[in-house]
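Below is one structure, written out as structure tokens, with a few remarks after it.
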There are 2 protein chains.
Amino acid sequence: MWSEQIDIMGQWGCVYVGEGVTKQTAELIIAAALDRVGLVVIDNGAGPGADRLVADLVKAGLEVRVLRVPGGEQQKGWGLVSAVYDAAIAGGVGRDGWILAIGGGALSDAVGFAAATYLRGVVWGVLPTTLLAQVDASIGGKTAIDLPQGKNLVGAFHLPRWVLVDPDWLGSLPPSQWRSGWGELIKTGLLVGKPMWTWVQNAPPAWESSAGAIALIETAVAHKVKVVAEDPREQGVRAYLNLGHTIGHAWEASGQLGQVQHGEAVGVGLLGALRLSELLLGFPDDYRLNVHEILQRWSMPTELRGALASRLLTIMTRDKKKKAGQIRWVLMNDLAQPTLAPVPPDLVYQVLRELGASTD
Amino acid sequence: MWSEQIDIMGQWGCVYVGEGVTKQTAELIIAAALDRVGLVVIDNGAGPGADRLVADLVKAGLEVRVLRVPGGEQQKGWGLVSAVYDAAIAGGVGRDGWILAIGGGALSDAVGFAAATYLRGVVWGVLPTTLLAQVDASIGGKTAIDLPQGKNLVGAFHLPRWVLVDPDWLGSLPPSQWRSGWGELIKTGLLVGKPMWTWVQNAPPAWESSAGAIALIETAVAHKVKVVAEDPREQGVRAYLNLGHTIGHAWEASGQLGQVQHGEAVGVGLLGALRLSELLLGFPDDYRLNVHEILQRWSMPTELRGALASRLLTIMTRDKKKKAGQIRWVLMNDLAQPTLAPVPPDLVYQVLRELGASTD
């Protein structure tokens with residue numbers, strides 16, 4: 001069990017990692033000298049651990065209002081945020097109060113946004129219960145909700161005071177949820193290098209044996225904490241975390257949203273980014289062949305099923321417009337040596353076709 | 001014409017004050033090296049100056065999307081914020097884009113909140129068109145919307161890059177709007193002292209001659225800029241700006257919201273705060289008699305019409321709970337010498353009764 005403090009953009013918070021770390025929640029809230037009254041928002045899929053935690057908080061003398069909501073990307077909107085405000089007001093949560101989010105990344109993104117804006121911002125904490133949330137979404141202070149027009153269009157930067165990454169939540173995770181996080185772990189393995197990359201190469205599917213997952217989670221969390229602290233505004237190294245995401249996001253946005261898991265989209269996106277790295281930077285092709293083999297072992301897709309190459313390109317261009325410049329692709333010079341570079345659209349098109357995207 | 005930069009909480013912005021300063025808007029946006037594409041949100045009551053400004057922006061080569069909305073406290077909710085998001089997306093406003101708010105304080109509070117949260121925050125500017133917005137609401141970076149449960153319950157701190165305080169907007173302001181800002185100017189006169197206090201004492205109602213108002217506006221803006229820069233988180237001197245607001249807010253919230261102008265409520269609140277200062281701190285009573293005379297000259301209320309003393313006390317107590325401690329009253333030791341102090345509830349009750357609040 002270990003912890004690390006993050007200080008960015010005038011805010012600070014701590015990440016705690018290890019089995020059983022959830023038990024420290026009450027103690028941390030009390031040590032923060034906040035108001036006794038707080039709100040706990042629980043993802044319906046969080047399991048019985050959430051009830052145990054609430055009982056712990058009450059036993060420690062805290063006054064807890066509980067709000068149970070469905071998780072998932074479809075819920076990540078103003079409706080959920082508004083429900084959090086209502087519960088906080090009804091529960092008497094004040095400026096010195098606190099809010100906890102127990103659930104996956106969609107839930108904590110929305111609850112974090114509510115915490116960022118309720119009374120112009122109250123202290124909040126996250127207990128991520130899915131692999132994806134533990135290794136990625138819960139760390140770094142980016143909160144957001146979706147609009148009908150697109151994902152994460154509304155949000156705020158609001159660092160959680162506490163992120164408690166406890167692998168105990170993962171015990172009952174279904175294979176689809178493991179796959180959803182696994183793409184991010186492969187990505188992190190490529191960015192961090194050995195020994196993590198070796199662990200990733202050799203890991204059996206976690207639903208067969210999740211023992212190995214814990215070391216991977218710890219390494220991935222430590223890496224994200226380091227990167228976020230170094231580059232909170234995503235002007236440098238934090239952008240490398242987008243390895244595999246340019247194609248992955250486009251695939252998700254192309255109408256597959258909800259049909260393909262985020263980690264699955266990132267997995268295929270990695271194949272594309274590595275292929276472009278080979279063509280442009282002479283990156284050796286054995287890494288891509290490795291990733292392909294790992295994805296197959298985890299029963300994850302290796303092709304852009306049901307996607308139109310031209311539509312994917314259009315979606316990427318829309319992203320480009322938002323940054324008022326060229327798409328900055330994350331490519332690899334070597335293992336653990338990412339770089340940012342532009343890629344000619346015809347080369348992108350060629351690689352999308354190689355990955356199985358259709359012409360019409 | 002003068003300007004001052006504010007740097008607080010990792011953000012910065014400039015306040016520009018003077019007749020005709022509006023004309024600099026296009027130049028400032030272009031100098032900021034942002035994207036060409038931006039959104040201008042215009043309060044329906046803003047007058048023809050808004051159209052001239054939009055024409056200026058277009059002439060300068062900017063690509064402007066215009067959204068016209070009704071102003072006023074009733075509009076200050078998620079509906080308006082959502083309309084701003086939709087217009088920004090439809091207009092293609094990106095992370096390097098910008099948003100301008102032209103209107104009163106309610107409009108700029110809501111548009112500022114939209115700017116704080118759209119794409120996790122874009123640059124924005126305010127052109128306050130009412131006296132209240134010019135001397136108070138537009139400065140300091142507090143943005144907010146109301147919920148059905150109360151005022152300003154949701155918001156963010158997001159400093160406008162540009163605040164352009166141009167008295168030219170005030171030319172056609174109706175008496176009710178002058179009164180709404182005037183309470184804040186009396187308050188600032190008491191906090192700043194001479195010579196401003198002398199100007200406040202002698203000012204004829206601005207709808208008879210608004211010439212004198214300009215010096216008052218400049219002094220009030222300069223004072224608020226100084227205080228906000230010194231104490232952005234309202235942990236010290238910024239709290240003094242609440243002089244007169246404890247009773248004033250309670251009166252507004254007691255069902256008079258929309259029936260009494262904010263400045264009118266602050267005016268009567270000042271009478272109460274000065275009376276408490278006399279009773280507890282020996283503050284001389286001629287200031288209160290002065291304020292009473294000024295309010296009468298401006299046809300502003302001097303009594304808590306239609307308010308129940310017990311209900312006002314309850315509302316204040318609710319505020320107290322939110323701060324997890326006692327109400328911190330702003331009282332006066334002497335002209336320009338405010339202080340924070342608790343006040344016994346029975347003394348508050350007595351003063352509310354003196355101000356005409358009823359017993360049942």
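The values are calculated or read from the model by the stated rules, or taken from the named source; none is laboratory data. Worth saying up front: this structure is predicted, and the values here are computed from it rather than measured. Quick reminder, even Gly has a Cβ in these numbers, built from the backbone with ideal geometry, and neighbours come from all protein chains shown. Side chains are part of the model used for accessible areas, which takes the heavy atoms of the whole protein and leaves out ligands, DNA and RNA. Shrake-Rupley method; radii C 1.70, N 1.55, O 1.52, S 1.80 Å.
Once you sort the root eigenvalues of the Cα gyration tensor of segment B:55-180 as a ≥ b ≥ c, which label holds: rounded (a/c under 1.5), prolate (a/b larger than b/c) or oblate (the other case)? Verdict is oblate for segment B:55-180. Here B:Thr317 yields copy-to-copy label distances, from shortest upward, of 6.5 nm, the label point defined as 7 Å from Cα along Cα to C-beta.
By the gyration tensor of its Cα atoms, with a ≥ b ≥ c the square roots of the eigenvalues, what is the shape of segment B:201-250: rounded for a/c under 1.5, prolate for a/b over b/c, or oblate? Because a/c hits 1.5 or more and a/b fails to exceed b/c, segment B:201-250 counts as oblate. Distance from the alpha carbon centroid of segment B:168-206 to that of segment B:257-305 works out to 14 angstrom.
Between B:Ser310 and B:Arg353, the modelled label-to-label distance comes to 1.3 nm, taking each label 7 Å out from Cα in the direction of the beta carbon.
The chain B residue nearest the rotation axis shared with chain A, using its Cβ and rounding the distance to whole Å, is B:Gly10, 2.
GNM remark for chain A: springs join alpha carbons under 10 Å apart, and the peak mean-square fluctuation among A:Trp199, A:Trp162, A:Trp251 falls on A:Trp199.
Summarising the amide proton neighbourhood of A:Ala156: residues at separation of 5 or more, or on other chains, whose placed amide H is nearer than 5 Å comprise A:Thr143, A:Ala144.
Name the shape class, rounded, prolate or oblate, that the alpha-carbon gyration tensor gives for segment B:1-99, where a ≥ b ≥ c are the square roots of its eigenvalues, rounded holds for a/c under 1.5, and otherwise prolate holds if a/b is larger than b/c and oblate otherwise. Rounded is the answer for segment B:1-99, as its axis ratio a/c remains below 1.5. Once both labels are positioned 7 Å from their Cα atoms along Cα-to-Cβ, the gap between B:Asp346 and B:Asp285 label points is 2.1 nm. Residues whose amide H falls under 5 Å from that of B:Val40, counting only those 5 or more places apart or on a different chain, are B:Arg65, B:Val66, B:Leu67, B:Leu100, with hydrogens built in the peptide plane.
Label-point distances for A:Gly20 to the equivalent site in the other copies, using a point 7 angstrom along Cα→C-beta, read 7.5 nm when ranked shortest first. Overall, segment B:126-264 carries a charge dipole of about 280 debye about its Cα centre when +1 sits on the Cβ of Lys and Arg and -1 on the Cβ of Asp and Glu, all other atoms neutral.
Between segment A:69-141 and segment B:1-47, the alpha-carbon centres lie 33 Å apart. List for segment A:58-86: residues with 50 Å² or greater reduction in accessible area, all protein chains versus chain alone, probe 1.4 Å? Residues passing the criterion (a loss of at least 50 Å², heavy atoms only) are A:Trp78.
Residues of segment B:159-201 with backbone nitrogen within less than 13 Å of a virtual label 7 Å along the Cα-to-Cβ line of B:Met1, please, listed as ranges. The answer is B:164-168, whose backbone nitrogens lie closer than 13 Å to the label point.
Comparing A:Arg68, A:Arg318, A:Arg161 in a Gaussian network model of chain A, where Cα atoms under 10 Å apart are tied by springs, the biggest mean-square fluctuation is seen for A:Arg318. Note on B:Gln74/A:Asp231: beta-carbon distance plugged into 1/(1 + (r/R0)^6) with R0 of 60 Å gives a FRET efficiency of 0.90. The interface between chain B and chain A buries about 2500 Å² of solvent-accessible area in total (1.4 Å probe, ligands and nucleic acids excluded). Counting only protein heavy atoms, what percent of the accessible surface of the protein assembly as shown is carbon or sulfur at a 1.4 Å probe? Carbon with sulfur: 48 percent of the solvent-accessible area.
Amide H contacts of B:Ile6 (H built 1.01 Å from N, in plane; Pro and chain starts excluded): B:Gly13, B:Cys14, B:Val15 sit under 5 Å, all sequence-distant by 5 or more or on other chains. For segment B:100-171, the dipole from Cβ point charges (+1 on Lys and Arg, -1 on Asp and Glu) about the Cα centre works out to 280 debye, to the nearest 20.
To one decimal place, what Kirkwood hydrodynamic radius in Å is obtained for segment A:146-283 from all pairs of distinct Cα atoms? With all distinct Cα pairs of segment A:146-283 included, I get 16.4 Å. Dipole of segment B:169-288 computed with +1 at Lys/Arg Cβ and -1 at Asp/Glu Cβ about the Cα centre; of B:Trp178, B:Gly272, B:Val228, farthest Cα towards the positive end is B:Val228. Springs between Cα atoms under 10 Å define the GNM used for chain B, and in it the highest mean-square fluctuation of B:Asp166, B:Asp86, B:Asp334 occurs at B:Asp86.
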